[in-house]
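What follows is a short report on a single structure.
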Amino acid sequence: MEKIRVELGERSYEILIDAGNLSKVGERFLRFPFGKKIAIVSNPLVSELYSETVFNSLKKEGFEPYMIIIPDGENYKDYFWAYHILTKLLELGFDRKSCLVALGGGVIGDITGFVASLYMRGISYVQIPTTLLSQVDSSVGGKTAVNHILGKNMIGTFWQPALVWIDVNTLETLPDREFLSGIAEVIKYGVIWDERFFEFLETNREKIIKRDKALLIEIIKRSCEIKSEVVSRDERESSLRAVLNYGHSIGHAIEALTGYSTYLHGEAISIGMVHEAKLSYLLGFFDKESFERIKGIFKSYGLPIEIPAMLEPSSIVKAMLLDKKNIHGKIRMVIPERIGKMKINFEIGENDLKRALNG
Ligand code: NAD
Ligand code: GLY
């Protein structure tokens, strides 16, 4: 079992990664001061595949598990469904020692964390992420959120989990498109932090695409190590944590303008990372060869790299002006200086941005 510790003082926690450890999660719960009542929050698809294993593992160790199921999809990561979960917890008599388990992808992780942060002013929760994206990104770092009709992830809290429990065997059932969407976030860690990891992802592409278990554990571990280090140094994103947003400024604008239905998150940020690298190259901060390598790696994994033809650069810029990461209405982003190192909080002129988004 691989173990990574997220160092956050009294809110520190461990990320444990293995193949086939889902049935052992109950044993791990015994190390925590949780009460007997545990609610497993999931959706019908993931629940059908994995909840029985988690449920039985908890029951075997003497816990009293309950299932709370919400519909599958980003559209249900909202205040209404958060309220629904809160209502169930009250009906079931959950108290301050009770614990929640997020069993699913980033949608389930974000809403469960959000509810955990609110119920009785905050209770414990455990992340059991089952998509690659959630295993390498959303389950770590304590950002919780629900969507508002006026903006995605606009309502949320920072609330760290007590434990992140990753079983790579759950990735066996993940559709290819979802798997590759997670790979985009994995590649992100290479660009923002670790050139050797980037090279590793270039060299081992075939085995990774075939979901070789040992390699999956290795890339998830490295991704979680990098995210943990960043979060430990800047939990609340006052500065360094912004590196994790590489590709997201353009990517979020593309997702919003295409109604969150054309691209998966990882696909949109793949386009975003390529064009934010292009911007850095056009501004003279990044060399052409590195830009070509970034374009090349996303393409080789079958991820999209072109701005969709129906989107005008000016409309993308307009959407980017609404980004919650901007300050005083100026577009700020992180751009690469070289593979493995980023410029943070860089203010971008609208015309430069339009040049990078063109052709
Ligand atoms: P998701 O949670 O919607 O899961 C994608 C699909 O895969 C869903 O249909 C889900 O039911 C299904 N699924 C999950 N596990 C499966 C499995 N093992 N086998 C088969 N199907 C499975 O999407 P996602 O990409 O995991 O997460 C996206 C969400 O994460 C977004 O809401 C985004 O805002 C959020 N996010 C949060 C953070 C953060 O730091 N909190 C970071 C990145 C993304
Ligand atoms: N996914 C970006 C962050 O956790 O900060």
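Tabulated data for the structure shown
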item: Residue check, Glu276 in contact with a helix residue (DSSP H, G or I) (Cβ under 9 Å, 6 or more places away or on another chain), acidic (Asp, Glu), modelled with pLDDT of 95 or more and not in a helix (DSSP H, G or I); result: no
item: Among residues of region 273-331, those that are among the β-branched types (Val, Ile, Thr) and open to solvent by 70 Å² or more (accessible area, probe 1.4 Å), counted; result: 1
item: Residues located in region 147-166, provided they are within 24 Å of Leu49 (Cβ to Cβ), away from ligand 2 (no atom under 14 Å from the Cβ) and under 16 Å from the mean Cα position of the chain (by Cα); result: Leu163, Trp165, Ile166
item: Residues located in region 235-261, provided they are surrounded by 15 or more Cβ atoms within 10 Å (Cβ to Cβ), within 12 Å of ligand 2 (Cβ to nearest atom) and assigned to a loop (DSSP other than H, G, I, E, B); result: Glu235, Glu237, Tyr246, Gly247
item: Qualifying position, being crowded, with 24+ Cβ neighbours inside 10 Å and farther than 24 Å from His248 by Cβ, among Ala162, Ala116; result: Ala116
item: Of all residues in region 212-225 being under 17 Å from Tyr13 (Cβ atoms) and surrounded by fewer than 23 Cβ atoms within 10 Å (Cβ to Cβ), the one that is farthest from ligand 1 (Cβ to nearest atom); result: Lys221
item: Identity of the residue in region 119-154, farther than 21 Å from Lys88 by Cα and more than 10 Å from ligand 1 (Cβ to nearest atom), that ends up least open to solvent (accessible area, probe 1.4 Å); result: Gly151
item: Those residues of region 101-118 which are more than 8 Å from ligand 1 (Cβ to nearest atom), of a type outside the set (A, V, I, L, M) and in a strand (DSSP E or B), in sequence order; result: none
item: Single condition Val41 does not satisfy, out of (1) assigned to a helix (DSSP H, G or I); (2) closer than 25 Å to Ile155 by Cβ; (3) in contact with a Ser or Thr (Cβ under 8 Å, 6 or more places away or on another chain); result: (1)
item: 3 or more residues under 17 Å from Glu267 (Cβ atoms): qualifying helices (runs of 4 or more DSSP H) within region 284-359; result: 288-300
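Condition check ((1) more than 16 Å from Phe291 (Cα to Cα); (2) touching a residue at least 24 places away in the same chain (Cβ under 8 Å); (3) of a type outside the set (Lys, Arg)) across all residues:
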{"position": "Glu172", "(1), (2), (3)": "yes, yes, yes"}
{"position": "Gly190", "(1), (2), (3)": "no, yes, yes"}
{"position": "Phe200", "(1), (2), (3)": "yes, no, yes"}
{"position": "Asn204", "(1), (2), (3)": "yes, no, yes"}
{"position": "Ile208", "(1), (2), (3)": "yes, yes, yes"}
{"position": "Leu215", "(1), (2), (3)": "yes, no, yes"}
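The values are calculated or read from the model by the stated rules, or taken from the named source; none is laboratory data. Since this is a predicted model, take the numbers as computed values, not measurements. We place every Cβ from the backbone using ideal geometry, glycine too, and count neighbours over all the protein chains shown. Ligands, DNA and RNA are stripped out before the accessible areas are found, and what is left, the full protein with its side chains, is counted by its heavy atoms. Shrake-Rupley method; radii C 1.70, N 1.55, O 1.52, S 1.80 Å.
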